[in-house]
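> Following this message is one structure expressed as structure tokens.
The values are calculated or read from the model by the stated rules, or taken from the named source; none is laboratory data. What you see is a predicted model, and the numbers here were worked out from it, not measured in a lab. All Cβ positions, glycine included, derive from the backbone under ideal geometry; neighbour counts span all protein chains shown.
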Amino acid sequence: MAATRESGPEEVYAVLGERLGESSGKFTSIRVLPSEGEQVWLEVSFQGRGTLLGREITDTGTYRQTFRPGGVLVGEGHVLMITDTGDLADWVGGGVGRQTGPGYQASFGVWGSCPSATGALSRLAEVADVIEYEVEEDGSYHWTMWAWTGAGVPSIPRQEAPTGAMA
């Protein structure tokens, strides 16, 4: 979707571009970290399977989150996404969310980027992304990632197939 501006009392921008992928999995560990001042931190590690840029991936990551007044959750994380053929995307980012039910059930808006990516995932190193990240009571999760196009920023460039390569 291209960035658009609608006229009216409020300016509204559509900033989601290409849907890049999605994954589902489960928390593999949770630990309470030492408090920093009045903030209690949790460290969550997870692993799942999904698709990214049309390739099957395994995503493995860790994030830490804290609890702010009013039920707001804030965190930062690091994820390694690897295709079945060994291409990698190294993702870093952060997010804000709210608990939506019992246990670990929560919904987050997440932003990030891949400082490095190889092979079939290399396009990810050229774009910021936004992610909808949903967690269920039992620690299972699902995320969907889109390219962020901003107000007029074009979507990520497509890789050209090498000359003589078969599609």
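> Which ones in the stretch 134-148 are surrounded by fewer than 20 Cβ atoms within 10 Å (Cβ to Cβ) and under 8 Å from the mean Cα position of the chain (by Cα)?
THR144 - this is the single residue of the stretch 134-148 that is surrounded by fewer than 20 Cβ atoms within 10 Å (Cβ to Cβ) and under 8 Å from the mean Cα position of the chain (by Cα).
> Using the structure shown, decide if GLY97 is within 11 Å of the chain's Cα centre (by Cα) and either among the small types (Gly, Ala, Ser) or within 18 Å of ILE30 (Cα to Cα) (or both).
no
> Would you call ASP90 acidic (Asp, Glu), surrounded by 17 or more Cβ atoms within 10 Å (Cβ to Cβ) and within 13 Å of LEU20 (Cα to Cα)?
no
> Out of the stretch 36-63, which residues are surrounded by fewer than 20 Cβ atoms within 10 Å (Cβ to Cβ), farther than 16 Å from GLU22 by Cβ and either touching a Gly at 6+ places or on another chain (Cβ under 6 Å) or of a type in the set (Phe, Trp, Tyr) (or both)?
The one that is surrounded by fewer than 20 Cβ atoms within 10 Å (Cβ to Cβ), farther than 16 Å from GLU22 by Cβ and either touching a Gly at 6+ places or on another chain (Cβ under 6 Å) or of a type in the set (Phe, Trp, Tyr) (or both): TRP41.
> Could you tell me whether the stretch 137-150 includes any residue that is of a type outside the set (S, T, N, Q) and assigned to a helix (DSSP H, G or I)?
No, the stretch 137-150 contains no residue that is of a type outside the set (S, T, N, Q) and assigned to a helix (DSSP H, G or I).
> Still on this structure: Which of the strands (runs of 3 or more DSSP E) found entirely inside the stretch 37-120 contain at least 2 residues meeting this: in contact with a His (Cβ under 9 Å, 6 or more places away or on another chain)?
39-52, 55-68, 88-99
> Given the options VAL74, VAL79, VAL12, name the one that is closer than 30 Å to GLU126 by Cα, at pLDDT below 95 and not small (Gly, Ala, Ser).
On the way: VAL74 fails: at pLDDT below 95; VAL79 fails: at pLDDT below 95.
Result of the check over VAL74, VAL79, VAL12: VAL12.
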